[in-house]
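Take a look at the structure below.
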Amino acid sequence: MEVIEKTYLKSTSFQLLQNWSVRYLLESRFSYNEKFELVTIGSFLRKSSNKTKIEKGKLYQRVTVKINNGGVIPRDTEFGENIGTKIQFEIKPGQFLMSKIDARNGAFGLVPADLDGAIVTNDFPVFDVDNSKVMPEFLVLITTTKEFIQFAQSCSSGTTNRQRIDIESFLNVKIPLPTLTEQKRIVDSYNIKIIQAEELEEKAKNLEEDIEEYFYAELGYKKDDKINHKNFRTISYSKLARWDFKEVSTLISKYPIIKVRDLVQSISTGTTPPTSNKEYFENGKIQFYTPADLGQEKYLNNAERKVTSLAIKNKKARQFNRGTLLFVGIGSTVGKVGIVNNEFAASNQQITGLTFHPDNVSLEYVYYYFYYFKHITTKEKTQATIPIVNQDKILNIPIPFPNKEVQIRISEEISKRKVTVKELKENSYKTKNAAIKDFRNEIFKICN
């Protein structure tokens, strides 16, 4: 059999050759906008030498830099005698900060005003910014681009998990830098889109709050009802669900309050097949829901993980049919819910599945109740290290119970409003993405 060898050549302009790294050249899939001047990062960033000696008895604010352009944030406060590195750097607002280890993951940021005087070790290089050449806002934006992070990756060396950026190589990298006038135009254009996106997000948030208020009003419920423990309070005997003062103060409705156990047709908790048996997971087609899959959509269609039919057949995974309400009963996200929309699915042991009597129960009504009354549905969770709402506690959850016609009317109104919320959020997301894409296209010639 004849083997055909192929050779791939890649050329680059000499003026764009920042360093002689083959890896850098091969990993670069973009070029610059030729109308902007190429300048080295070191021409507008100067490494700060503002060292400070750590003193005993003095309280210091320490900071860190979050990856994925999360910015400079507080880490902790500590007295000098408890700080090992005695010579550190004092930072001030407007300086550019990076993490040597996580620069390749976008750990850059400007020091905010409220962290003036904080300290960092040499693992967080500090730079003064020449504002006569670059706007701070523009600098922040360009560091958020994939291209800039690729610069950082090309300047990093070491093992995979401990790659440190080479500061000298980083400062010698050339990037396109528009004039200050052009920078302002670009930043203003970006900010206009971001403001539009934030306005859409705020509208979605307000509408979501309106939906909650609508639901509460329909049920005759007031979430902000507080008990004044210094006074007596009376309650109708017909609304007394149990002889527990805590319960009496929690849920009052104009409709009869019953327990979930009175509505449930079946209840069971999911199971996880042994991960050591690949036959239960490899090429699996059955959706296997975990808490991470719940919370965003009412109807569940796709799970991150899948299991095989063998896992169901061998009873290593529990089957939940379409129309089962999945409730997260264990973990930090206890209370999240979703409805199985597949013919059947499975879940892990953190999730309990419930089905309801269809004759007098609207599944969507129950879903929205669990969604908007999470403070009620998770009220009985254990306060241990891992919050738990077991099956008995789920069955004991109180729920206002209007007739099915009213349940359907309420659910349909909420669903209609939720469509608008989803549209607003999607438009906000698209607008933010457009702002980022337009900025990148303005500075770079994107090839992918």
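The values are calculated or read from the model by the stated rules, or taken from the named source; none is laboratory data. Everything quoted here is computed from the prediction, not taken from an experiment. When we count neighbours, we look across all protein chains shown, and the Cβ atoms used for this are built from the backbone with ideal geometry, even at glycine. Just so you know, the surface numbers come from the protein's heavy atoms only, side chains and all, with ligands and any DNA or RNA stripped out. Shrake-Rupley method; radii C 1.70, N 1.55, O 1.52, S 1.80 Å.
Within region 322-338, can you find the residues that are within 15 Å of G295 (Cβ to Cβ) and over 22 Å from the mean Cα position of the chain (by Cα)?
Passing the criteria: only L325.
Would you call V111 under 24 Å from the mean Cα position of the chain (by Cα), closer than 25 Å to A435 by Cβ and β-branched (V, I, T)? Quick ask: steps written out before the conclusion?
Values: under 24 Å from the mean Cα position of the chain (by Cα): yes; closer than 25 Å to A435 by Cβ: yes; β-branched (V, I, T): yes.
For V111, the condition - under 24 Å from the mean Cα position of the chain (by Cα), closer than 25 Å to A435 by Cβ and β-branched (V, I, T) - is met.
Here are the criteria: (1) open to solvent by 70 Å² or more (accessible area, probe 1.4 Å); (2) among the polar types (S, T, N, Q); (3) without any contact (Cβ under 8 Å) to a residue 60 or more places away in the chain; (4) not in a helix (DSSP H, G or I). Tell me which single one N342 does not satisfy.
Condition not satisfied by N342: (1).
Within region 354-362, identify whether any single residue is closer than 21 Å to E213 by Cα, at pLDDT 95 or above and in contact with a helix residue (DSSP H, G or I) (Cβ under 8 Å, 6 or more places away or on another chain), and answer yes or no.
Filtering region 354-362 for residues closer than 21 Å to E213 by Cα gives 362.
Cutting the leftovers down to at pLDDT 95 or above gives us 362.
Filter again for in contact with a helix residue (DSSP H, G or I) (Cβ under 8 Å, 6 or more places away or on another chain), leaving 362.
Checked against the condition, which is being closer than 21 Å to E213 by Cα, at pLDDT 95 or above and in contact with a helix residue (DSSP H, G or I) (Cβ under 8 Å, 6 or more places away or on another chain), region 354-362 yields at least one hit.
I need a count of the residues in region 293-330 that are surrounded by fewer than 16 Cβ atoms within 10 Å (Cβ to Cβ) and farther than 26 Å from H357 by Cα.
4
Every residue, every condition in (1) touching a Pro at 6+ places or on another chain (Cβ under 7 Å); (2) modelled with pLDDT under 95, yes or no:
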| position | (1), (2) |
| --- | --- |
| K259 | yes, no |
| Q265 | no, no |
| T271 | no, no |
| Q287 | no, no |
| G295 | no, yes |
| Y299 | no, no |
| N302 | no, no |
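List the pairs whose first member sits in region 178-206 and is farther than 18 Å from L38 by Cα, whose second member is among the charged types (D, E, K, R), and whose Cβ atoms are under 6 Å apart, counting only residues at least 6 apart or on separate chains?
V187/E137; A197/K432; A204/K425
Of everything in region 146-179 that's part of a loop (DSSP other than H, G, I, E, B) and modelled with pLDDT under 85, which residue is farthest from the chain's Cα centre (by Cα)?
At the first step, the residues of region 146-179 found to be part of a loop (DSSP other than H, G, I, E, B) are 155, 158-159, 163, 166, 173, 178-179.
Subset that is modelled with pLDDT under 85: 155, 158-159, 163, 173.
Numbers: C155: 29, G158: 29, T159: 28, Q163: 25, V173: 32 Å.
The residue in question is V173.
If I filter region 52-109 down to residues being surrounded by fewer than 19 Cβ atoms within 10 Å (Cβ to Cβ), in a loop (DSSP other than H, G, I, E, B) and polar (S, T, N, Q), which single residue comes out as modelled with the lowest pLDDT?
The selected residue is N69.
Show the residue pairs that are 6+ apart or on different chains and have beta-carbon atoms under 7 Å apart, the first residue being within region 46-75 and touching a residue at least 60 places away in the same chain (Cβ under 8 Å), the second being polar (S, T, N, Q) and open to solvent by less than 90 Å² (accessible area, probe 1.4 Å).
Sorted first by the residue in region 46-75, then by its partner, the pairs are S48/Q95; T52/Q88; I54/Q88; N69/T143; N69/T144.
Could you identify the single residue in A113, A118 that is of a type outside the set (F, W, Y) and closer than 27 Å to K193 by Cβ? Working first, answer last.
Details: A118 fails: closer than 27 Å to K193 by Cβ.
Of the residues listed, the single one that is of a type outside the set (F, W, Y) and closer than 27 Å to K193 by Cβ is A113.
Residues of region 410-422 being surrounded by 14 or more Cβ atoms within 10 Å (Cβ to Cβ) and either without any contact (Cβ under 8 Å) to a residue 12 or more places away in the chain or more than 29 Å from the chain's Cα centre (by Cα) (or both), which ones?
Residue satisfying the conditions is I410 alone.
With (1) within 16 Å of I397 (Cα to Cα); (2) in a loop (DSSP other than H, G, I, E, B) as the list, and I258 as the residue in question, which single condition is left unmet?
If we test I258 against (1) within 16 Å of I397 (Cα to Cα); (2) in a loop (DSSP other than H, G, I, E, B), just (2) comes out false.
Can you tell me which residue within region 386-409, out of those that are part of a loop (DSSP other than H, G, I, E, B) and open to solvent by 80 Å² or more (accessible area, probe 1.4 Å), is modelled with the lowest pLDDT? If you could, list the steps in order and put the result at the bottom.
Narrowing region 386-409 to residues part of a loop (DSSP other than H, G, I, E, B): 386-387, 389-390, 396-397, 401-403.
Right, trim to open to solvent by 80 Å² or more (accessible area, probe 1.4 Å) and you get 386, 403.
Details: I386: 87, N403: 97.
So the residue we want is I386.
Which of the residues belonging to region 261-284 are touching a Phe, Trp or Tyr at 6+ places or on another chain (Cβ under 9 Å) and acidic (D, E)?
Within region 261-284, D262 is the sole residue that qualifies.
Which numbered condition in (1) at pLDDT below 95; (2) of a type in the set (A, V, I, L, M, F, W, C); (3) touching a strand residue (DSSP E or B) at 6+ places or on another chain (Cβ under 8 Å) is the only one that V340 fails?
It is condition (1) that V340 fails.
Quick one: in region 54-70, which of the residues that are charged (D, E, K, R) and closer than 18 Å to L115 by Cα is farthest from the chain's Cα centre (by Cα)?
As a first pass, look at region 54-70 and keep what is charged (D, E, K, R): 55-56, 58, 62, 66.
Keeping just the survivors that are closer than 18 Å to L115 by Cα gives 58, 62, 66.
Values: K58: 36, R62: 25, K66: 14 Å.
Filtering region 54-70 for residues that are charged (D, E, K, R) and closer than 18 Å to L115 by Cα, the one farthest from the chain's Cα centre (by Cα) comes out as K58.
I'm checking my understanding of the structure. Among residues of region 120-145 that are surrounded by 20 or more Cβ atoms within 10 Å (Cβ to Cβ) and part of a loop (DSSP other than H, G, I, E, B), which one is nearest to the chain's Cα centre (by Cα)?
My answer is T145.
State all residues of region 337-366 that are of a type outside the set (A, V, I, L, M, F, W, C) and either under 17 Å from K259 (Cβ atoms) or in contact with a Ser or Thr (Cβ under 8 Å, 6 or more places away or on another chain) (or both); if no residue qualifies, say none.
We begin by selecting, within region 337-366, every residue of a type outside the set (A, V, I, L, M, F, W, C); these are 338, 341-343, 347-350, 352-353, 355, 357-360, 362, 364-365.
Residues satisfying the conditions are S347, N348, Q349, Q350, T352, G353, T355, H357, N360, S362, E364, Y365.
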